[in-house]
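Written below as structure tokens is the structure these notes are about.
The values are calculated or read from the model by the stated rules, or taken from the named source; none is laboratory data. Computed from a predicted model, the values in this text were never measured in an experiment. Quick reminder, even Gly has a Cβ in these numbers, built from the backbone with ideal geometry, and neighbours come from all protein chains shown.
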């Protein structure tokens, strides 16, 4: 099995709010990938004493431990338990009902000799390649389907759209959100490789339109995750002033990509 992982902050003066890991059980059977993209809050706060980076580290650690150690749990069950465990770690000090309490997007996969399970929540992306080279994106596209006018302000998003029916969902402090994730199971023999990417890395396709999902996957497979992030940074820097490519709230974003060849 080949693995390749890169995670780079969008701003060298700020913590990287992404989390990524590859888990390989001691039994030698199967493995997992965990990817989180922390949601950067507005300046008026989150009601929490802890940073988004603290939240993604705690949640990512819980997801890794549960995914590797308990094969009888489904991925939605694992996510629900990890959310609850993380919430309990700071419920006595923080206002977890605040609409901007630390939160994240999620990609979670786990494979055995027979199956590959997947779970995606919000705008991070999982790409799955079959033995014949076909690349299938697994997407939670609820955020992308919202009209741009609905995303005009943070206050409007928090009041009407975030973790609401008709809006979109992210992991925060409510374990029930796990049931909102896009999840499923594939036969293991039907998967040759996979890539998990935060939206800072998927800008190559989604914002700059340099190639479709298959082209992005081929780039990562041939040149590595580092090459993808470097290319995104070059495109971001070239478009720093003109902002010809809309939908970028900041010039650079935390960018994380994980590639696994099974």
(message) Would you confirm whether or not the range 169-183 contains a residue that is assigned to a helix (DSSP H, G or I), farther than 28 Å from residue 58 by Cβ and in contact (Cβ under 8 Å) with a residue 40 or more places away in the chain?
(response) no
(request) Might you check whether a residue that is modelled with pLDDT under 95 and assigned to a loop (DSSP other than H, G, I, E, B) occurs anywhere in the range 130-137? (result) no
(message) Just to verify a result, which residue in the range 66-77, among those that are without any contact (Cβ under 8 Å) to a residue 40 or more places away in the chain and either touching a strand residue (DSSP E or B) at 6+ places or on another chain (Cβ under 8 Å) or surrounded by 15 or more Cβ atoms within 10 Å (Cβ to Cβ) (or both), is nearest to residue 178 (Cα to Cα)?
(response) 73
(message) Every residue in the range 162-188 that is loosely packed, with under 13 Cβ neighbours inside 10 Å and more than 20 Å from the chain's Cα centre (by Cα), please.
(response) 165, 166, 187
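Quick check on residue 52: is it surrounded by 18 or more Cβ atoms within 10 Å (Cβ to Cβ) and either in contact with a helix residue (DSSP H, G or I) (Cβ under 7 Å, 6 or more places away or on another chain) or within 25 Å of residue 192 (Cβ to Cβ) (or both)?
Working: surrounded by 18 or more Cβ atoms within 10 Å (Cβ to Cβ): yes; either in contact with a helix residue (DSSP H, G or I) (Cβ under 7 Å, 6 or more places away or on another chain) or within 25 Å of residue 192 (Cβ to Cβ) (or both): no.
No, not satisfied.
Which of the residues belonging to the range 135-161 are surrounded by 11 or more Cβ atoms within 10 Å (Cβ to Cβ), more than 22 Å from the chain's Cα centre (by Cα) and without any contact (Cβ under 8 Å) to a residue 24 or more places away in the chain? Break it down stepwise before answering.
Narrowing the range 135-161 to residues surrounded by 11 or more Cβ atoms within 10 Å (Cβ to Cβ): 135-144, 146, 150-151, 154-161.
Then drop every residue that is not more than 22 Å from the chain's Cα centre (by Cα), which leaves 150, 155-156, 159-160.
Matches in the range 135-161: 150, 155, 156, 160.
Rundown of residues vs (1) within 19 Å of residue 191 (Cβ to Cβ); (2) modelled with pLDDT of 95 or more; (3) buried (at least 20 other Cβ atoms within 10 Å of the Cβ), yes/no style:
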site	(1), (2), (3)
228	no, yes, yes
239	no, no, no
242	no, no, no
246	no, no, no
259	yes, yes, yes
